[in-house]
1. Under 8 Å between Cβ atoms, which residue pairs at least 6 apart in sequence (or on different chains) link something in the stretch 35-51 that is under 14 Å from residue 66 (Cβ atoms) with a partner that is of a type in the set (Ser, Thr, Tyr) and in a helix (DSSP H, G or I)?
2. Which residue pairs have Cβ atoms under 6 Å apart, sit 6 or more places apart or on different chains, and have a first residue in the stretch 142-154 that is touching a residue at least 24 places away in the same chain (Cβ under 8 Å) and surrounded by 19 or more Cβ atoms within 10 Å (Cβ to Cβ) and a second that is not in a helix (DSSP H, G or I) and not aliphatic (A, V, I, L, M)?
3. Within the stretch 69-76, identify whether any single residue is of a type in the set (Lys, Arg), surrounded by fewer than 13 Cβ atoms within 10 Å (Cβ to Cβ) and without any contact (Cβ under 8 Å) to a residue 24 or more places away in the chain, and answer yes or no.
4. Evaluate the stretch 47-56: report whether one residue or more is surrounded by fewer than 17 Cβ atoms within 10 Å (Cβ to Cβ), at pLDDT below 95 and closer than 19 Å to residue 155 by Cα.
5. Any residue in the stretch 112-126 that is at pLDDT below 95, in a loop (DSSP other than H, G, I, E, B) and either in contact with a helix residue (DSSP H, G or I) (Cβ under 8 Å, 6 or more places away or on another chain) or in the same structural domain as residue 178 (by TED's automatic domain parsing) (or both)?
6. Among the residues that make up the stretch 136-143, is at least one of them part of a helix (DSSP H, G or I), farther than 18 Å from residue 14 by Cα, at pLDDT below 95 and among the polar types (S, T, N, Q)?
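The values are calculated or read from the model by the stated rules, or taken from the named source; none is laboratory data. As the structure is a computational prediction, the values presented were derived from the model and not from experiment. So basically every Cβ, Gly included, is an ideal-geometry build from the backbone, and we count neighbours across all protein chains shown.
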Amino acid sequence: MPVPVAFLDASVLYPAPLRDLLLELAVSDVFHAKWSEAVHDEWIRALRRRRPDIAAARLARTRQLMDAHLRDAQVFGFEELVPTIRLPDPNDRHVVAAAIRGEADIILTANLRDFPARALAPHGLIAEHPDNFLAGICRASQHRFLEALERVRIRLRNPPVSRERHLDAPRRAGLNATATEIVSGTA
């Protein structure tokens, strides 16, 4: 079965727990992740607005580590496609253009209304919510998903998080379908 290629919108990179899980799954080759410099700029700008206490250097390091650990994730050379994309919000056109250039199957976004199916279909793309995407991955590759989730948990040291609390993290983040799949995999 082919591994899906998902272009990650800023909305799924902004929350650290979701970003960490998605990146761990991508490093584990459960799916191929793609993003652009513009998406990096967007999620970091949004996070800095909400959390000015997080040092810019720390976010720059996160960005650098993402790019270093998933070397083929960065998409370049899509800018000429941007004017050809039609979306409700023209500021989101760069996402679709980069997804096309990155040969993605999916745009992974929490903002589905910004990426209507009728606008994506001509480009062979679909938009998918992270809850649906992660629940599907958990269902299809439960063992690998749970291993990735555990590796993320082990890295949490300030403060450390118990296995039970971490298994419930998706539900607390509103990822209810994913949480249901996790529970069925650990029962």
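1. Within 8 Å, the pairs are 43/11.
2. 148/28
3. So in the stretch 69-76, the residues of a type in the set (Lys, Arg) come out as 71.
Subset that is surrounded by fewer than 13 Cβ atoms within 10 Å (Cβ to Cβ): 71.
If we keep only those that are without any contact (Cβ under 8 Å) to a residue 24 or more places away in the chain too, we end up with 71.
Yes, the stretch 69-76 contains at least one residue that is of a type in the set (Lys, Arg), surrounded by fewer than 13 Cβ atoms within 10 Å (Cβ to Cβ) and without any contact (Cβ under 8 Å) to a residue 24 or more places away in the chain.
4. Yes: one or more hits.
5. Within the stretch 112-126, not a single residue is at pLDDT below 95, in a loop (DSSP other than H, G, I, E, B) and either in contact with a helix residue (DSSP H, G or I) (Cβ under 8 Å, 6 or more places away or on another chain) or in the same structural domain as residue 178 (by TED's automatic domain parsing) (or both).
6. Yes, there is a match, as at least one residue in the stretch 136-143 is part of a helix (DSSP H, G or I), farther than 18 Å from residue 14 by Cα, at pLDDT below 95 and among the polar types (S, T, N, Q).
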